[in-house]
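**Student:** Would you mind keeping the following structure in view while I ask a few things?
The values are calculated or read from the model by the stated rules, or taken from the named source; none is laboratory data. This one's a predicted model, so the numbers in the text were calculated from it and none came from an experiment. Here Cβ is always computed from backbone atoms with ideal geometry, including for glycine, and neighbour counts include all displayed protein chains. Areas reflect the complete protein model, heavy atoms only, side chains present, ligands, DNA and RNA absent. Shrake-Rupley method; radii C 1.70, N 1.55, O 1.52, S 1.80 Å.
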Amino acid sequence: MKRSRAADAVVFGVVQGVGFRPFIYRLAKRFGYKGWVKNIGFGVKIHLESKDADDFSLFFQALIKEKPPLSQIENIDREPAEFSDCQQFEIKKSIHSQSFVFISPDISICDNCRKEMLDPEDRRYRYPFINCTDCGPRYTIVKALPYDRPQTTMSHFKMCSQCQKEYTDPSDRRYHAQPVACPECGPEIELKKSSTGEKIKGGIPQASVFIKQGSILAVKGLGGFHLVCNPFNKKAVDRLRKIKKRKTKPFALMASGLPVIERYGMMDPYEKEQLCSAQRPIVLLRKKKEIPGIAPFLSEIGFMLPYTPLHYLLLQDLDLIVATSSNPKDSPIMKDEKEGINALCDYVLTHNRPIHMRSDDSVMKVVDKKPLFLRRARGYVPYPQKVPESLVSQKQILALGGELKDTISIYKNGYVITSQFLGDLDEYQNYTYFEETIKHLSGLFEFKPDVVVSDLHPDFHTTRYAERMGIPHLKVQHHYAHALAAMLEHHYDRRKKALGIILDGFGYGGDSTAWGAEFLLADYHTYTRAGHFKYMPLPGGDLAAKQPWRMALAYLIDAYKSDFPQVKSIARINRKKLDHIQQMITKDICCPQASSCGRLFDAVSYLIGLAPEQAEFEAEAPMRLESAADDTIGSFYGFEISGDSVPYIVSFSHAIRSIVSDLNKNVPIPVISARFHNTLSEALVQMSEKIRNIHGINTIVLAGGVFLNKFLLARTLQNLESRNFDVLRPVHYSPNDELISLGQIAYALAKKP
Ligand code: ZN
Ligand code: ZN
Ligand code: FE
């Protein structure tokens, strides 16, 4: 930039509500500049004035290097400006504009606050609600815009004079931190016995003692209550399993620090980075040392670090606690004691800062150095997703997602906000949560939809909701939406096609059949089905997803026709039941057909003796299969790709026969599991090459719930990249059905409604 005495700059990105203006204020003071800073639309405008001609480059270098931890800078436009002889540097009041105003996600306690909290001289010594501009609750406590204290759940706490002083002093690190509080004026902790409601003295240290002794506690966090117990106390863990009605579903652990996690889990630097990030997700790590009963039958275990000051204080005398969300089966996480928390625990550690919007912990694995989200919620919502310039529309769009693992997305002025994970909407309580969330996001972002988008499925609650809205309604095929979401996230070129490989449970197809594992030639406007896995009968429909042996039988019959050899796991099933299901399959009674990939995993997991007869939770059988795989094995089984033109059909009957033969040769299970994974990966690569040869398409999109399988995803990425494909996969979103609403937005934008 040319040297002059004044400069204007606009910083675009996530720069509002994250302490950006006070940061600029302090930076300008340090450089001795006069001028001002203010919020504008989706950015911050800065005016700088210097005593002498200057190019201000050192200022902007420092700005980029030292930016507040929660901010994300997309772009800085700067130019010389008129010198107007400002007398000071000031933070100008922002004018409330119609465009998006960014709201920060909830962020873990920062280092500065932690230091203060542990300093006996500090007035917030051991205060569990300490926070500042860089940290603390946001999304879960805001009720409406503008994001000011009276519009948050802190409104009924009147700031004391000291807090007020910090709040109004631009040089203070608590300047305009809406939840600012201290022991004088802020929220308070309360420990109660759940059976009687009796208050118990001793606060957080006493709560730690109860946990150590084997009690189950409900602890109020940012987005809801956790149920907490001592992971080494078998009785407590068993009781918690009874309360949650979960026999085998893994529990997450919260550890006091990295050294504790290091004892039980293997961590690479990228996993460490995610664990320590300000978002504090649960990260699934490979087990190093087993903690019985926490994640049975699986090779991975989920850890997180404390993220609120309260958690830090609670874990001062404890290494490790079970911290699972306080939802009875099939309900959203509880945010209020009145929702029935007392029935789930012995003691409640609660406080009087209300949670306005509930939000679960986020869960991820790390693959290829980047996140792979199993659940995206606290810490990441409501980060905005920018859409490619060519798709920007003036309309406002609401996308309702699918039915299971739902999220909603809203689009306004070039950005999409995707909600936190909402759960399965076939449950009444989750459906209420879905409605709560639409209301919440609409309020926060002054959003009023012109268009609504849903899945093609006529019976989804979301589809019906959309129909009732009485505004233009678009419908998008489920798997196509998976692909579109990843294309939007990576700003894929609007003029080009990609091959979407979507491996999923199942979704309503474009031809009214149930689709599952799909190869879609897609751009933002349309798609063609280039291939799919062979249709298989699902004996008993939905029951087939819950009883993996039914699928095992279906695949055996398909591979051998009726005369299949003896398989140990199948022989364990009651003879009568077995005959009955065999009849159903051969006579095609109550056997809807689907090209599912999830069900293929169920079948193989059961065949080789890993899956239980009855799965307790979704993906239990596939997770056990993945856990068993030996990653030193590179070999794979045969498979068939048939058809002379699209759609090509991929069949694994050959692989099923090889698996049975390996079983009978006593080949170790980890080898069989690895070979099966490799077979799938090889099939995907061969299909990709076949389609590249015909259509010249070199970009592959990988999405769908099956790609939560780290073994499969890592191998497939490697194989595709080694054959010079460009691969896109969701990184900021889960590849599972949480992704659908984002894809629906992409579709609507391309339609230019
Ligand atoms: Zn802080
Ligand atoms: Zn105070
Ligand atoms: Fe899906």
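**Student:** Identify, please: which residue in segment 714-736 is in contact with a strand residue (DSSP E or B) (Cβ under 7 Å, 6 or more places away or on another chain) and buried (at least 24 other Cβ atoms within 10 Å of the Cβ) and is, among those, nearest to Asn693 (Cα to Cα)?
**Tutor:** Going through the qualifying residues, I end up with Thr716.
**Student:** Give the number of residues within segment 137-178 that are small (Gly, Ala, Ser) and either within 16 Å of ligand 3 (Cβ to nearest atom) or at pLDDT 95 or above (or both). Break it down stepwise before answering.
**Tutor:** If we filter segment 137-178 for residues that are small (Gly, Ala, Ser), which is where we start, we get 144, 155, 161, 171, 177.
With the extra rule that they be either within 16 Å of ligand 3 (Cβ to nearest atom) or at pLDDT 95 or above (or both), the set shrinks to 155, 161.
Final tally of qualifying residues: 2.
**Student:** Among the numbered criteria (1) in contact with a helix residue (DSSP H, G or I) (Cβ under 6 Å, 6 or more places away or on another chain); (2) open to solvent by less than 10 Å² (accessible area, probe 1.4 Å), which single criterion is violated by Gly214?
**Tutor:** (2)
**Student:** Assess whether Ala498 counts as being open to solvent by less than 10 Å² (accessible area, probe 1.4 Å), out of contact with any helix residue (DSSP H, G or I) (no Cβ under 9 Å at 6 or more places or on another chain) and more than 16 Å from ligand 3 (Cβ to nearest atom).
**Tutor:** Taking the combined requirement at face value, the residue does not satisfy it.
**Student:** Restricting segment 138-158 to residues that are within 16 Å of ligand 2 (Cβ to nearest atom), under 24 Å from Leu349 (Cα atoms) and not β-branched (Val, Ile, Thr), which is most open to solvent (accessible area, probe 1.4 Å)?
**Tutor:** That would be Lys158.
Yes/no matrix, rows are residues, columns are (1) of a type in the set (Phe, Trp, Tyr); (2) away from ligand 2 (no atom under 16 Å from the Cβ); (3) touching a residue at least 24 places away in the same chain (Cβ under 8 Å):
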residue: Arg675; (1), (2), (3): no, yes, yes
residue: Asn678; (1), (2), (3): no, yes, yes
residue: Ser688; (1), (2), (3): no, yes, yes
residue: Gly696; (1), (2), (3): no, yes, no
residue: Gly704; (1), (2), (3): no, yes, yes
residue: Gln718; (1), (2), (3): no, yes, no
residue: Phe725; (1), (2), (3): yes, yes, yes
residue: Ala750; (1), (2), (3): no, yes, yes
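**Student:** Would you please name the residue that is nearest to Lys475 (Cα to Cα), looking only at residues in segment 522-531 that are open to solvent by less than 10 Å² (accessible area, probe 1.4 Å) and touching a strand residue (DSSP E or B) at 6+ places or on another chain (Cβ under 6 Å)?
**Tutor:** The qualifying residue nearest to Lys475 (Cα to Cα) is Ala522.
Conditions tested, residue by residue: (1) within 16 Å of ligand 1 (Cβ to nearest atom); (2) within 18 Å of Lys751 (Cβ to Cβ); (3) basic (Lys, Arg).
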position	(1), (2), (3)
Phe460	no, no, no
Thr463	no, yes, no
Ala486	no, no, no
Arg495	no, yes, yes
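**Student:** If the requirement is being in contact (Cβ under 8 Å) with a residue 60 or more places away in the chain, over 14 Å from Lys220 (Cβ atoms) and of a type in the set (S, T, N, Q), which of these qualifies: Gln396, Gln385?
**Tutor:** One residue alone meets the criteria, Gln385.
This table checks each residue for (1) more than 23 Å from Leu240 (Cβ to Cβ); (2) surrounded by fewer than 21 Cβ atoms within 10 Å (Cβ to Cβ).
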| residue | (1), (2) |
| --- | --- |
| Pro354 | yes, yes |
| Arg358 | no, no |
| Ser393 | yes, yes |
| Thr407 | yes, no |
| Val416 | yes, no |
| Gln420 | yes, no |
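**Student:** For residues that are touching a helix residue (DSSP H, G or I) at 6+ places or on another chain (Cβ under 6 Å) and open to solvent by less than 20 Å² (accessible area, probe 1.4 Å), scanning just segment 174-190, find the one that is farthest from ligand 2 (Cβ to nearest atom).
**Tutor:** Among them, the one singled out is Gln178.
**Student:** What's the number of the only condition in (1) assigned to a helix (DSSP H, G or I); (2) away from ligand 2 (no atom under 15 Å from the Cβ); (3) of a type outside the set (Val, Ile, Thr) that Ser171 fails to meet?
**Tutor:** The failed condition is (1).
**Student:** Would you be able to tell me the number of residues in segment 291-324 that are assigned to a strand (DSSP E or B) and open to solvent by 30 Å² or more (accessible area, probe 1.4 Å)? If you could, list the steps in order and put the result at the bottom.
**Tutor:** Within segment 291-324, the subset assigned to a strand (DSSP E or B) is 300-304, 320-324.
Then drop every residue that is not open to solvent by 30 Å² or more (accessible area, probe 1.4 Å), which leaves 300.
Going through segment 291-324 one residue at a time, the tally reaches 1.
**Student:** Which members of segment 139-175 meet the condition of being farther than 20 Å from Pro22 by Cα and within 16 Å of ligand 1 (Cβ to nearest atom)?
**Tutor:** Within segment 139-175, Ile141, Met154 meet the criteria.
**Student:** Consider Gly505 carefully, then state whether it is within 23 Å of Asp406 (Cα to Cα), in contact (Cβ under 8 Å) with a residue 60 or more places away in the chain and part of a strand (DSSP E or B).
**Tutor:** yes
**Student:** Please verify whether segment 535-554 includes one or more residues that are closer than 30 Å to Val387 by Cα and outside any loop (DSSP other than H, G, I, E, B).
**Tutor:** So far as segment 535-554 goes, no, none of its residues is closer than 30 Å to Val387 by Cα and outside any loop (DSSP other than H, G, I, E, B).
**Student:** Of the residues Phe707, Phe652, Phe639, Phe711, only one is open to solvent by less than 10 Å² (accessible area, probe 1.4 Å) and of a type in the set (Phe, Trp, Tyr); which? Lay out the reasoning, then the answer.
**Tutor:** Numbers: Phe652 fails: open to solvent by less than 10 Å² (accessible area, probe 1.4 Å); Phe639 fails: open to solvent by less than 10 Å² (accessible area, probe 1.4 Å); Phe711 fails: open to solvent by less than 10 Å² (accessible area, probe 1.4 Å).
Result: Phe707 is the single residue among Phe707, Phe652, Phe639, Phe711 that is open to solvent by less than 10 Å² (accessible area, probe 1.4 Å) and of a type in the set (Phe, Trp, Tyr).
**Student:** Next up: Which residues, counting only those in segment 192-211, are under 34 Å from the mean Cα position of the chain (by Cα) and either farther than 15 Å from Tyr127 by Cα or within 16 Å of ligand 1 (Cβ to nearest atom) (or both)? Break it down into steps so the answer makes sense when it comes.
**Tutor:** Restricting attention to segment 192-211, the residues satisfying the condition of being under 34 Å from the mean Cα position of the chain (by Cα) are 192-194, 203-211.
Scanning segment 192-211 gives Lys192, Lys193, Ser194, Gln206, Ala207, Ser208, Val209, Phe210, Ile211.
**Student:** Could I ask something else about it? Hand me the list of strands (runs of 3 or more DSSP E) wholly inside segment 643-753 holding 3 or more residues that are closer than 30 Å to Lys386 by Cα.
**Tutor:** Passing ranges, in order: 699-703, 726-728.
**Student:** Let me ask something additional. Does Phe564 count as of a type outside the set (Ser, Thr, Tyr) and not in a loop (DSSP other than H, G, I, E, B)?
**Tutor:** Numbers: of a type outside the set (Ser, Thr, Tyr): yes; not in a loop (DSSP other than H, G, I, E, B): no.
Taking the combined requirement at face value, the residue does not satisfy it.
**Student:** Additional query: Report the residue count in segment 168-194 for those that are of a type outside the set (A, V, I, L, M) and within 24 Å of Pro354 (Cβ to Cβ).
**Tutor:** Result for segment 168-194: 15.
**Student:** Which residue pairs have Cβ atoms under 9 Å apart, sit 6 or more places apart or on different chains, and have a first residue in segment 440-451 that is more than 24 Å from Ile141 (Cβ to Cβ) and a second that is at pLDDT 95 or above and among the basic types (Lys, Arg)?
**Tutor:** Pro449/Lys395; Asp450/Lys395; Val451/Lys395
**Student:** Conditions: (1) farther than 29 Å from Pro205 by Cα; (2) buried (at least 20 other Cβ atoms within 10 Å of the Cβ); (3) hydroxyl-bearing (Ser, Thr, Tyr). Thr168 meets all but one. Number of the miss?
**Tutor:** (2)
**Student:** Confirm whether Ala252 is under 27 Å from Asn342 (Cα atoms) and in contact (Cβ under 8 Å) with a residue 60 or more places away in the chain.
**Tutor:** yes
**Student:** On to the next question. As an exercise: evaluate Gly43 against (1) touching a residue at least 40 places away in the same chain (Cβ under 8 Å); (2) under 23 Å from Pro105 (Cα atoms) and give the number of the one condition it does not meet.
**Tutor:** The single condition Gly43 does not satisfy is (1).
**Student:** Within segment 590-610, take every residue that is in contact (Cβ under 8 Å) with a residue 60 or more places away in the chain and assigned to a loop (DSSP other than H, G, I, E, B) and give me the one that is nearest to Ser673 (Cα to Cα). Spell out how you get there, then give the answer.
**Tutor:** Taking segment 590-610 as the starting set, the residues that turn out to be in contact (Cβ under 8 Å) with a residue 60 or more places away in the chain are 592-601, 604, 608-610.
Adding the requirement that they be assigned to a loop (DSSP other than H, G, I, E, B) leaves 592, 595-597, 608-610.
Details: Pro592: 27, Ser595: 21, Ser596: 19, Cys597: 15, Ile608: 8, Gly609: 11, Leu610: 10 Å.
Taking the candidates together, the pick is Ile608.
Here is a yes/no grid of residues against (1) charged (D, E, K, R); (2) in contact with a helix residue (DSSP H, G or I) (Cβ under 6 Å, 6 or more places away or on another chain); (3) over 30 Å from Ala466 (Cα atoms):
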| site | (1), (2), (3) |
| --- | --- |
| Gly705 | no, no, no |
| Arg715 | yes, yes, yes |
| Asn719 | no, yes, yes |
| Asn724 | no, no, yes |
